[in-house]
Amino acid sequence: MKVFNSLTNRKEELHDNSTPVTMYTCGPTVYYYPHIGNMRAYLFMDFLRKTLHFLGYKTNSVMNLTDVGHLTSDEDEGEDKMELAASREKKTPEQIAEFYTNCFFEDFKVLNIEKPEHIVKATDHISQMIDFIKELEKKGFTYKIDDGIYFDVQKFSHYGALSNKDLSKVGVNRIDENSQKRHPFDFALWKFVPKEHIMKWDSPWGVGCPGWHIECSAMGTYYLGNKIDIHTGGVDHKTVHHENEIAQNDCMMGHQVVDKWMHVEFLQVDGGKMSKSLNNIYTINQLVEKGYSPLDFRYLNLLTHYRKSLNFTFEALNSAKSALKSLKNIVLEHKNSNNHINAQNLEIYKQEFSEAIADDLNMPLALGTLWKMVKDMERSVEVYQMAMEFDKVLSLNLGQEDEIPEEIVKLANQRLEARKNKDWALSDSLRDEIAKLGYQIKDGKDGYEINKIWFLIYY
């Protein structure tokens, strides 16, 4: 398998599948609802893990949950995200973390994203972070100023390699004359906090909380050791967060820790950035409320390579919804066929599919191979079985029929009759009964539409 390494800017071969692939993924800061841009990164992680499994690899993967309040930007200033959320919702940071972690994994479930082998919370690993910083301190890479312990980037000769930063050309990042930092790119390993700060811990340097970047380094090496095959994350992390992880890891261990860095590009909305001011930040839940299946969004992600920006529009989502429905119908025609063909005739499609996903996750080409197979080949059980093999990677539930149970249709017809008779109390009662059974009914001009409720509305 070949993957594109952001550190070297070229495709590189993975080791053979005789040993597990170790992999670290930057997880969410659990202080608010995840949006569809966030979920693109985790769909990418899922396609990668399932591709590895399809190609005969085992994986040993870690994803962190940032339940320690790091600051509102990549810089070492601003307000604490967890404490802002706690204040906004009048809850403890722990309650905030638990609620939004559950929301995050609800999205995982309905998007068919498989959890990595290790899901690790920052708050459970403060001691590992302190030990990591102590070791960096022993080796002379840290210094102390009034607001915390900082990493001295000028002592790491490879700093900037991932994002092409030049330490001698800091441009707009000049140090403020009041700053005690030795270089603008120096970053906090441990931040001192005032006594009213909620999330704080004792340390050899004073009461405080860990810097954001240290948690991934400490937890990644704690679970995966001093050599990690792949580190994934969003392209927005390249210039600061991942650059700082490299500095910490390599200075701590004395060698390059992460072999390959893989970054997924941004999801745009209507050709531009998502922003609250434009009211175009959508959650999976909101897509469901608009009548889409979460798997329509998963299908949409398969149409664009992970290293290209994905432009989300409702027109594109409608097309994805229609295409997925058509694909499922064709696959089910194969499933329900009594015909049989020689399975050897399908090996060319399996080879083409495998080559596509092994070439840096070329999912559009892999999906095209599936379409070609199910459309061109004679209807047969063997084609269905091969489609199910491909669906181990695509995870579109291609073999599942979307028929509405007879019981639900009966209740819906009773409700339609109640509405005709203007019996609104009975109509509402039947709607609620249908919802309890896991379906949503939408009234139309000439009748109704029934959709499966994918999960409980979490807001």
Revision key, fill the gap. Checking rank on 388-398, 297-307, with mean other Cβ inside 10 Å and highest first, the result is 297-307, 388-398
Review point. Using all Cα-Cα distances in segment 181-281, what percent lands in each 10 angstrom bin from 0 up to the longest?
Key: 13, 33, 29, 22, 4
**Study point:** segment 98-198: C-alpha gyration tensor shape, a/c 1.5 cut-off, then a/b vs b/c
**Key:** prolate
Review point. Extension gain Glu315-Ile348, at 0.36 nm per residue separation less the Cα-Cα distance, in nm?
Key: 8.5 nm
Check your understanding: Counting pairs of alpha carbon atoms under 8 Å apart in space and at least six apart in sequence, what relative contact order in percent does the chain give?
Key -> 16 percent
Check your understanding: Taking the Cα atoms of segment 268-331 alone, what are Rg (to one decimal) and Dmax (as a whole number) in Å?
Key -> 12.4, 42
Study note, to complete from the structure: Partner aspartates and glutamates whose C-alpha sits under 15 Å from that of Lys420, ignoring same-chain residues fewer than 8 away, are Asp428, Asp443, Asp446
Review point. Kyte-Doolittle mean at least -0.5 and Cα extent at least 15 Å along the axis: which DSSP H helices of the chain qualify?
Key: 36-54, 93-110, 126-138, 212-224, 314-335, 347-358, 363-376, 381-394, 424-436
Point to revise | Reciprocal mean inverse distance between Cα atoms of the chain - Kirkwood radius, Å | key: 24.6 Å
**Study point:** Label zone at Met253 (point 7 Å along Cα-to-Cβ), backbone N below 19 Å, segment 103-144
**Key:** 117-120, 128-141
**Study point:** Accessible heavy-atom area order of Lys181, Lys115, Lys90, Lys410, highest first, probe of 1.4 Å
**Key:** Lys90, Lys410, Lys115, Lys181
Study note, to complete from the structure: Expressed in µm² per second, the diffusion coefficient of segment 137-245 from the Stokes-Einstein equation, with Rh the Kirkwood radius over alpha carbon pairs, at 20 °C and 1.002 mPa s, is 139 µm²/s
Point to revise | Long-range tail of P(r) for segment 302-399 (Cα pairs > 21 Å, %) | key: 34 percent
Check your understanding: Given the chain, what percent of its DSSP beta bridges are antiparallel, to the nearest 5?
Key -> 50 percent
Practice item. Give me the accessible area per residue for segment 301-376, probe 1.4 Å, as a whole number in Å². Key: 49 Å²
Review point. From the square roots a ≥ b ≥ c of the eigenvalues of the alpha-carbon gyration tensor of segment 339-383, which class results: rounded (a/c under 1.5), prolate (a/b over b/c), or oblate?
Key: prolate
Study note, to complete from the structure: For segment 310-376, the percent of accessible surface on carbon and sulfur atoms (probe 1.4 angstrom, ligands and nucleic acids excluded) is 46 percent
Exercise for review: Please find the FRET efficiency linking Glu389 to Asp131, where r is the Cβ-Cβ separation and R0 is fixed at 56 Å, and quote it to the nearest 0.05.
Suggested key: 0.80
**Study point:** Percentage, to the nearest whole number, of Cα pairs in segment 237-311 over 15 Å apart
**Key:** 70 percent
**Study point:** Descending semi-axes in Å of segment 364-428, equivalent ellipsoid built from Cα gyration tensor
**Key:** 42, 12, 10
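The values are calculated or read from the model by the stated rules, or taken from the named source; none is laboratory data. Owing to the predicted nature of the structure, the values given are computational and were not obtained by experimental measurement. So basically every Cβ, Gly included, is an ideal-geometry build from the backbone, and we count neighbours across all protein chains shown. Accessible surface is based on the protein model in full, side chains and every heavy atom, while ligands, DNA and RNA are left aside. Shrake-Rupley method; radii C 1.70, N 1.55, O 1.52, S 1.80 Å.
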